[in-house]
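Student: The structure that follows is given in the form of structure tokens.
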């Protein structure tokens, strides 16, 4: 299973944009890039996913590098509710399993 | 549409006992996956069921088992409980098990083994 590398923690101020990076240099051509987040005392929550092109939804944007070896999750205006652990996951291979890494703990300051 | 429901929410057992956890997926979802979350190991994949068949399995001992019923509801069982089995057990459902499918998680069952 291909692995991802994320910073352990990041800080942001409320109402400012946040860029959460993820490196996945061993990604294969058919691996999807998924982002989930886990708020305190809750199960993980889907944020966004993509294959090659940049993606937008109501929660966030996903920018995927041209070589697909890295991606960035963009929260356009952070709120206190966005404080969570964000997981970048590659889904593919023979099993399509979701393999969670350690994620990035995002703190949002008022 | 109702979300993924896990029961019970909290459970206390003693070493050597066995436990069964239940997961009701979102209506229409055929794939159910189970995860164990601990402070030390993070979120680890246990197994996935699709249409009553186990599709994938993580690296857990045989004491951990599961099954899926014809209505897609799933149960996981842990036999001969050990202290290290104390964890949050999460269930997730998705329409299918393809790599582009979104998984929807329940709130989890918090198991404490004394």
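The rows are residues; the columns are (1) at positive phi; (2) more than 14 Å from chain B (Cβ to nearest Cβ); (3) touching a residue at least 24 places away in the same chain (Cβ under 8 Å).
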position	(1), (2), (3)
A:62	no, no, yes
A:75	no, yes, yes
A:93	yes, no, yes
A:102	no, no, yes
A:110	no, yes, yes
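Student: A further question follows. Would you confirm whether any residue within the range B:54-73 is within 13 Å of the chain's Cα centre (by Cα), in contact (Cβ under 8 Å) with a residue 24 or more places away in the chain and more than 26 Å from residue A:92 (Cβ to Cβ)?
Tutor: For the range B:54-73, residues within 13 Å of the chain's Cα centre (by Cα), in contact (Cβ under 8 Å) with a residue 24 or more places away in the chain and more than 26 Å from residue A:92 (Cβ to Cβ): present.
Student: Based on what the data block shows, is residue A:80 within 14 Å of chain B (Cβ to nearest Cβ) and in contact with a strand residue (DSSP E or B) (Cβ under 7 Å, 6 or more places away or on another chain)? Give the steps one after another, and end with the answer.
Tutor: Numbers: within 14 Å of chain B (Cβ to nearest Cβ): no; in contact with a strand residue (DSSP E or B) (Cβ under 7 Å, 6 or more places away or on another chain): yes.
When the stated conditions are applied, residue A:80 does not pass them.
Student: Filtering the range B:74-96 down to residues that are touching a residue at least 60 places away in the same chain (Cβ under 8 Å) and either closer than 14 Å to residue B:109 by Cα or not in a loop (DSSP other than H, G, I, E, B) (or both), which residue is farthest from the other protein chains (Cβ to nearest Cβ)?
Tutor: Checked the range B:74-96; the qualifying residue farthest from the other protein chains (Cβ to nearest Cβ) is B:83.
Student: Next question. Residue check, residue A:90 against (1) assigned to a strand (DSSP E or B); (2) modelled with pLDDT of 95 or more; (3) surrounded by 13 or more Cβ atoms within 10 Å (Cβ to Cβ), all met but one. Which one?
Tutor: Of everything listed in (1) assigned to a strand (DSSP E or B); (2) modelled with pLDDT of 95 or more; (3) surrounded by 13 or more Cβ atoms within 10 Å (Cβ to Cβ), residue A:90 misses just condition (2).
Student: Turning to a different aspect of this structure: Among the residues of the range B:28-46, which ones are touching a residue at least 24 places away in the same chain (Cβ under 8 Å) and either at the interface with chain A (Cβ under 10 Å from one of its Cβ atoms) or outside any strand (DSSP E or B) (or both)?
Tutor: Once the filter is applied, which keeps residues that are touching a residue at least 24 places away in the same chain (Cβ under 8 Å) and either at the interface with chain A (Cβ under 10 Å from one of its Cβ atoms) or outside any strand (DSSP E or B) (or both), the range B:28-46 yields B:28, B:29, B:30, B:31, B:33, B:35, B:37, B:43.
Student: For the range A:21-47, what are the residues that are surrounded by fewer than 20 Cβ atoms within 10 Å (Cβ to Cβ), within 15 Å of the chain's Cα centre (by Cα) and within 12 Å of another protein chain (Cβ to nearest Cβ)?
Tutor: Across the range A:21-47, the qualifying residues are A:32, A:39, A:45, A:46.
The values are calculated or read from the model by the stated rules, or taken from the named source; none is laboratory data. In this text the structure is predicted, and so the values were computed from the model without any measurement. Positions of Cβ are backbone-derived with ideal geometry, glycine not excepted, and every protein chain shown enters the neighbour counts.
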